[in-house]
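Okay, structure first, notes after.
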Amino acid sequence: MKQALDQELAKYDEPLRSELRSAYETASKDRTPEQVQALKANPSVNITPGNLYQYIPDSKPKLAAFDEEIKQIRAAKPVEQFIRALVEPANHVTETKLFHRGDPAQPRQVVNPGALTVLALNGERTEFANDDPSLPSTGRRLAFARWLTSEENPLLARVIVNRVWMHHFGQGLVTTPADFGTLGTQPGDVRLLDWLASEFVAGGWSLKNLHRLIMESAVYRQNAGSGDAVFYQRRLRRLEAETIRDRMLAASGRLDGTLYGPPLKTKEDDTGQVMVEGDQSRRSIYIQTRRSRPVGMLQTFDAPVMETNCEIRPSSTVATQSLILLNGKFILQQAGYLAERIADNPAEPTPSQLALTNDLLNRKPMWQYGYGWYDQASQPRTTFHALPHWTGTQWQAGKELPDAELGYTLLRATGGHPGSGKNAVIRRWTAPANGVVNIAGALSHPSDNGDGVRGRIVSNRDGKLHGQWVAYHGTTETKVEGFQVSAGDTVDFITDCREGTNTDSYDWKNTLVLRHEDGNAQTIVSEKCFSGPASSYAKLTGQIIRAWELVYCRPPADEELVMAAAFLQRQLSLLESSSDYLIEGRTAVQQAMRNLCHSLFASNEFLYVE
């Protein structure tokens with residue numbers, strides 16, 4: 001900075017040079033009006049770290065190097081740990097005075113330490129020593145703590161057991177957990193409340209023993225809503241906001257159980273919604289809480305706000321909850337992680353479970369890519385062999401072209417190249433449902449050389465030929481009016497080289513419209529369906545079972561297994577019909593399982609507990 005200043009001031013004559021130097025070196029708050037005016041009239045002297053590179057061009061990389069060095073040094077600095085503590089100075093006894101009409105500017109009579117009169121047994125207020133000589137402090141807080149947990153104050157134990165009861169049953173024995181006074185409700189069963197409180201104290205104030213006592217009782221183990229009194233009935237209720245998030249993390253295998261440490265930072269996404277920053281997956285109790293920046297997902301599911309005291313959590317049902325379950329980034333991420341987890345570790349299905357999902361396991365991909373020939377003999381049929389090599393953009397005969405046996409046989413999204421002789425290229429479509437199919441397309445041979453190509457559309461029903469066209473140095477429309485198909489039927493789009501294979505690259509784009517028996521129409525565009533190797537269906541049953549075990553903590557019932565298999569069938573049919581429905585980098589099977597996991601996370605059984 002000094003070097004740049006000296007260089008710039010050298011351009012000025014005295015006495016202005018000295019005046020500008022003095023004005024620059026004077027702190028901004030101490031500058032006289034004359035100095036401010038001088039710097040304003042000569043802006044080139046206003047040198048800052050931000051514009052230093054304009055005066056000394058090679059300073060910018062040097063400053064960047066210094067910034068990086070500073071950053072590394074700061075990164076090595078240990079994190080400071082702070083503990084908020086309140087202490088009393090030794091030999092100092094404070095006085096507590098009653099404010100007249102609550103005005104802190106009007107302290108009146110001194111109030112000695114003691115318990116609340118309204119809580120006193122037999123009207124006798126418990127008082128504490130003003131100063132305990134055996135302790136370095138006054139001992140007032142210790143005396144108050146001992147009184148709170150003594151037999152002279154039965155209220156604390158009752159408040160605690162009432163809240164634990166409310167946690168398990170959805171409603172406390174006293175329905176106003178923060179008000180046990182005359183303005184609150186009376187206990188539904190005073191004897192039960194007193195007995196639980198006495199057991200809690202006798203058990204050493206152990207919350208674990210209290211939870212065990214309640215959960216092992218016959219009252220807790222009865223069906224929800226079967227009790228005679230409302231406070232005995234376990235109610236169907238939605239999980240708390242934090243529990244929903246933690247449970248999703250646990251099911252997906254991403255929950256970080258690390259204890260203690262700094263809070264999870266939050267940020268606003270592109271839409272302005274507050275979310276946990278990055279891929280932090282610790283329990284929700286560690287999320288940084290700010291009054292002005294509540295986390296969107298937790299707020300939607302009624303997490304407490306900081307503005308008011310939360311005595312009882314409300315349990316609302318609003319449209320935004322459905323929307324965040326449908327489109328929320330967090331739930332979509334966890335559904336993806338769960339799908340990956342169950343794919344890596346599927347369950348072992350029983351023979352009966354495999355039998356229930358037989359249609360799914362034996363399902364064929366909607367599109368297959370291969371080579372072969374259509375024989376128009378007395379019993380027409382098509383021989384089909386899958387092309388063995390996927391390059392990432394096209395299927396072809398081998399890793400290197402031309403292949404020793406099949407030459408330049410290949411298929412890409414919009415077309416391909418047939419092999420010589422009876423090695424035509426074949427796109428095989430498998431009908432996902434019963435219905436009527438209409439096909440519209442265009443077969444193109446763009447080269448001015450060669451003898452063109454021939455395209456044929458053949459179904460596996462008696463090897464029927466539905467259409468045959470030749471494209472030669474141009475484009476031919478390929479259209480087939482509606483014909484009947486059943487689920488599992490195949491339709492082959494066969495392209496051969498005619499006489500010679502020279503310059504036989506072609507384009508053939510087809511659009512299929514399948515009108516289902518229920519009247520719904522499904523549009524399938526061939527080039528949008530083009531994809532690499534399909535994932536195996538063999539382990540889908542095991543993945544369904546594992547998903548149920550992780551999300552619901554139980555295996556699926558037979559009817560649930562059948563329903564899930566049917567859901568996957570429909571999903572695969574949709575996803576394989578167009579790449580528009582696929583997330584980049586996922587196969588149709590991976591996306592379908594992700595959608596199933598998403599549905600499980602958004603279900604009532606996951607969100608509610610009895």
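The values are calculated or read from the model by the stated rules, or taken from the named source; none is laboratory data. Computed from a prediction, not measured in an experiment: that's the story for all the values here. With ideal geometry, Cβ positions are generated from the backbone for all residues, glycine too; neighbour counts draw on all protein chains shown.
Residue-level check: of (1) in a helix (DSSP H, G or I); (2) free of Cβ contacts under 8 Å to residues at least 60 places away in the same chain; (3) hydrophobic (A, V, I, L, M, F, W, C), LEU354 misses just (2). Within the stretch 406-425, at least one residue is more than 40 Å from the chain's Cα centre (by Cα), closer than 16 Å to ASP492 by Cα, among the basic types (Lys, Arg) and part of a loop (DSSP other than H, G, I, E, B).
Of the helices (runs of 4 or more DSSP H) that lie entirely inside the stretch 1-82, those containing 2 or more residues that are of a type in the set (A, V, I, L, M, F, W, C) span 2-9, 16-25, 33-41, 59-75.
Would you confirm whether or not the stretch 81-93 contains a residue that is surrounded by 11 or more Cβ atoms within 10 Å (Cβ to Cβ), of a type outside the set (Lys, Arg) and touching a Gly at 6+ places or on another chain (Cβ under 8 Å)? Looking for residues that are surrounded by 11 or more Cβ atoms within 10 Å (Cβ to Cβ), of a type outside the set (Lys, Arg) and touching a Gly at 6+ places or on another chain (Cβ under 8 Å), one finds none in the stretch 81-93, hence no. Against the definition (of a type in the set (Gly, Ala, Ser), touching a Ser or Thr at 6+ places or on another chain (Cβ under 8 Å) and modelled with pLDDT under 90), how does SER531 come out, yes or no? Answer is yes for this residue.
Being out of contact with any Pro (no Cβ under 9 Å at 6 or more places or on another chain), closer than 29 Å to SER378 by Cα and of a type in the set (S, T, N, Q) is a property that ASN449 lacks.
What are the residues in the stretch 492-530 that are of a type in the set (A, V, I, L, M) and either under 40 Å from the mean Cα position of the chain (by Cα) or surrounded by fewer than 21 Cβ atoms within 10 Å (Cβ to Cβ) (or both), if any? If you could, list the steps in order and put the result at the bottom.
Filtering the stretch 492-530 down to residues of a type in the set (A, V, I, L, M) leaves 494, 512-514, 521, 524-525.
Answer for the stretch 492-530, where residues must be of a type in the set (A, V, I, L, M) and either under 40 Å from the mean Cα position of the chain (by Cα) or surrounded by fewer than 21 Cβ atoms within 10 Å (Cβ to Cβ) (or both): LEU512, VAL513, LEU514, ALA521, ILE524, VAL525.
Residue by residue, here is whether (1) of a type in the set (Lys, Arg); (2) farther than 30 Å from ASP448 by Cα holds:
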| site | (1), (2) |
| --- | --- |
| TYR506 | no, no |
| SER526 | no, no |
| LYS539 | yes, yes |
| GLY542 | no, yes |
| SER599 | no, yes |
| GLU605 | no, yes |
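Looking across the stretch 112-134, just one residue is among the hydrophobic types (A, V, I, L, M, F, W, C) and over 55 Å from the mean Cα position of the chain (by Cα), and that is ALA129.
Yes or no: PRO533 touching a strand residue (DSSP E or B) at 6+ places or on another chain (Cβ under 7 Å), surrounded by fewer than 22 Cβ atoms within 10 Å (Cβ to Cβ) and either assigned to a loop (DSSP other than H, G, I, E, B) or assigned by TED's automatic domain parsing to the domain that holds PHE169 (or both)? For PRO533, the condition - touching a strand residue (DSSP E or B) at 6+ places or on another chain (Cβ under 7 Å), surrounded by fewer than 22 Cβ atoms within 10 Å (Cβ to Cβ) and either assigned to a loop (DSSP other than H, G, I, E, B) or assigned by TED's automatic domain parsing to the domain that holds PHE169 (or both) - is met. Whenever a residue of the stretch 399-421 is among the acidic types (Asp, Glu), its partners that are surrounded by 16 or more Cβ atoms within 10 Å (Cβ to Cβ), lying with C-beta atoms within less than 9 angstrom and at least six residues away or across chains, give the pairs ASP403/GLN396; ASP403/ALA397; ASP403/THR409; ASP403/GLY419; GLU405/ALA397; GLU405/GLY398; GLU405/GLY419; GLU405/ASN423. The single condition among (1) modelled with pLDDT under 90; (2) part of a strand (DSSP E or B) that ILE439 does not satisfy is (1). With respect to ASP269, determine if the residue is over 30 Å from PHE82 (Cα atoms), under 17 Å from the mean Cα position of the chain (by Cα) and modelled with pLDDT under 90. It is true that ASP269 is over 30 Å from PHE82 (Cα atoms), under 17 Å from the mean Cα position of the chain (by Cα) and modelled with pLDDT under 90.
Which pairs have Cβ atoms under 8 Å, sit 6 or more apart or on different chains, and link a residue in the stretch 58-85 that is charged (D, E, K, R) to one that is part of a helix (DSSP H, G or I) and modelled with pLDDT under 85? Pairs that qualify, where the first residue is charged (D, E, K, R) and the partner is part of a helix (DSSP H, G or I) and modelled with pLDDT under 85, are LYS60/LEU52; LYS60/TYR53. Scanning the stretch 92-123 for residues that are assigned to a helix (DSSP H, G or I) and either under 25 Å from LEU155 (Cα atoms) or not basic (Lys, Arg) (or both) yields HIS100, GLY102, THR117, VAL118, LEU119, LEU121, ASN122, GLY123.
Taken over the stretch 11-50, the criterion of being closer than 25 Å to PRO61 by Cβ and among the hydrophobic types (A, V, I, L, M, F, W, C) is satisfied by VAL45, ILE47.
Candidates in the stretch 536-554 are the residues that are surrounded by 15 or more Cβ atoms within 10 Å (Cβ to Cβ) and free of Cβ contacts under 8 Å to residues at least 60 places away in the same chain; of these, the one that is nearest to LEU575 (Cα to Cα) is TRP548. Taking the listed residues SER459, SER486, the one that is touching a His at 6+ places or on another chain (Cβ under 7 Å) and modelled with pLDDT of 90 or more is SER459, with no other qualifying. Does any residue of the stretch 591-609 turn out to be of a type in the set (Val, Ile, Thr) and under 23 Å from the mean Cα position of the chain (by Cα)? Checked the stretch 591-609: at least one residue is of a type in the set (Val, Ile, Thr) and under 23 Å from the mean Cα position of the chain (by Cα). Residues that are touching a Gly at 6+ places or on another chain (Cβ under 8 Å) and assigned by TED's automatic domain parsing to the domain that holds GLY204 were ranked within the stretch 109-164; the one that is surrounded by the most Cβ atoms within 10 Å (Cβ to Cβ) is ASN162. Name the single residue, out of those in the stretch 583-594 being surrounded by fewer than 23 Cβ atoms within 10 Å (Cβ to Cβ) and touching a residue at least 24 places away in the same chain (Cβ under 8 Å), that is farthest from ASP489 (Cα to Cα). That would be ARG594.
One residue stands out among those in the stretch 108-156 that are among the β-branched types (Val, Ile, Thr) and without any contact (Cβ under 8 Å) to a residue 24 or more places away in the chain: the one that is farthest from ALA85 (Cα to Cα), which is THR117.
Identify, by number, the condition in (1) in contact (Cβ under 8 Å) with a residue 24 or more places away in the chain; (2) under 19 Å from the mean Cα position of the chain (by Cα); (3) in a helix (DSSP H, G or I); (4) over 18 Å from VAL551 (Cβ atoms) that LEU323 doesn't meet. Condition not satisfied by LEU323: (1).
Conditions (1) at pLDDT 90 or above; (2) among the aliphatic types (A, V, I, L, M), marked per residue:
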{"site": "ASP194", "(1), (2)": "yes, no"}
{"site": "GLN233", "(1), (2)": "no, no"}
{"site": "ARG245", "(1), (2)": "yes, no"}
{"site": "ALA250", "(1), (2)": "yes, yes"}
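None of GLU610, GLU559 is exposed (fewer than 13 other Cβ atoms within 10 Å of the Cβ) and under 28 Å from MET297 (Cα atoms) except GLU610.
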